[in-house]
């Protein structure tokens with residue numbers, strides 16, 4: 001009889017929010033590593049990103065105590081990938097309910113003695129927006145965002161991350177916070193907002209780009225690998241910045257169009273005009289009581305105030321990201337392949 005592989009001898013791991021963009025890539029990397037993986041997804045959620053994987057499913061949301069308890073019992077790592085990213089909501093209360101109150105509920109259950117006893121790491125997906133950034137300065141994990149003046153969405157992310165680190169320091173939960181930047185890559189089945197820009201550029205249907213918009217970015221597979229490395233090597237109570245570089249919105253569109261073999265968007269909107277349109281969107285939302293995707297709050301999320309330094313993740317986790325440009329090209333190929341497959345299906 002042969003000895004079992006090291007991976008097979010390990011306790012299972014759990015990914016909460018496994019159907020999301022980053023969560024599904026974390027699941028895929030874990031399965032490829034030979035791990036026994038449990039996933040927790042909401043009833044009726046779109047799980048196309050993980051449907052081909054051999055995983056154990058637990059159906060329920062983050063408020064379902066019985067399902068959470070069952071899914072967590074006996075696992076050695078919990079990857080928490082749940083977040084409400086709708087920064088454009090006029091009423092921000094859903095953001096705080098999911099991102100803060102929901103996180104607290106999960107942390108309370110994970111901290112129970114019968115679960116915490118076997119838990120080696122709680123890997124929390126945070127955002128690079130929680131890091132304090134100032135123009136002219138490179139930000140690090142030591143820079144803490146001041147909640148004053150932040151948009152509701154960013155405040156909810158800051159408060160959630162503080163909760164996680166508080167549970168680590170006060171309750172002994174073996175948690176680390178991963179401050180992940182904007183993720184690009186393939187298999188974007190949920191069509192994330194940044195994925196929609198790539199799709200539009202690849203299809204030649206993006207009428208313009210907004211100049212002056214830059215974001216910290218990272219390939220989604222590299223971000224997923226960073227979370228897995230954090231489970232192995234991350235120091236409890238620490239936060240890690242996960243980003244490959246800062247890249248402009250125009251450059252993302254150009255790379256995607258080039259990969260698709262179509263001209264890039266010919267027009268660009270200057271930043272002052274973008275602010276004017278965002279102001280109009282904000283006023284429109286207030287008057288009509290609607291959620292406008294382009295508003296002053298959402299525009300602030302699109303503008304990176306300063307670059308970030310990810311050397312801590314490289315140094316401590318052994319993380320080595322690939323150029324994000326490669327992930328943008330991968331995303332363009334995904335959208336083109338999906339379009340071609342749908343066309344073939346219609347013509348058959």
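The values are calculated or read from the model by the stated rules, or taken from the named source; none is laboratory data. Values in this document were obtained by computation on a predicted structure and should not be read as measured data. Using ideal geometry, Cβ is built from the backbone for each residue, glycine included, and neighbour counts are taken over all protein chains shown.
Tabulated values for the structure
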item	result
Failed condition for residue 256, given (1) more than 17 Å from residue 317 (Cα to Cα); (2) under 20 Å from the mean Cα position of the chain (by Cα)	(2)
Selection within the stretch 266-311 - within 19 Å of the chain's Cα centre (by Cα) and at pLDDT 75 or above	307, 308, 309, 310
Residues that are in contact with a strand residue (DSSP E or B) (Cβ under 8 Å, 6 or more places away or on another chain) and over 12 Å from residue 40 (Cβ atoms), drawn from the stretch 62-106	76, 77, 83, 103
Which listed residue is touching a strand residue (DSSP E or B) at 6+ places or on another chain (Cβ under 6 Å), in contact (Cβ under 8 Å) with a residue 12 or more places away in the chain and closer than 20 Å to residue 21 by Cα, from 238, 161, 214	161
Any hit, the stretch 128-145, residues being under 18 Å from residue 84 (Cα atoms), surrounded by 15 or more Cβ atoms within 10 Å (Cβ to Cβ) and touching a helix residue (DSSP H, G or I) at 6+ places or on another chain (Cβ under 7 Å)	yes
Count of residues meeting criterion [buried (at least 19 other Cβ atoms within 10 Å of the Cβ) and more than 14 Å from residue 158 (Cα to Cα)] in the stretch 116-126	4
Strands (runs of 3 or more DSSP E) within the stretch 144-234 that include 2 or more residues at pLDDT 90 or above and more than 30 Å from residue 261 (Cβ to Cβ)	175-180
Subset of the stretch 62-88 [in a loop (DSSP other than H, G, I, E, B) and within 18 Å of the chain's Cα centre (by Cα)]	62, 81, 82, 83, 84, 85, 86, 87, 88
Residue list for the stretch 187-212, restricted to those being over 18 Å from residue 82 (Cα atoms) and crowded, with 21+ Cβ neighbours inside 10 Å	195, 197, 198, 199, 201, 202, 206, 209, 210
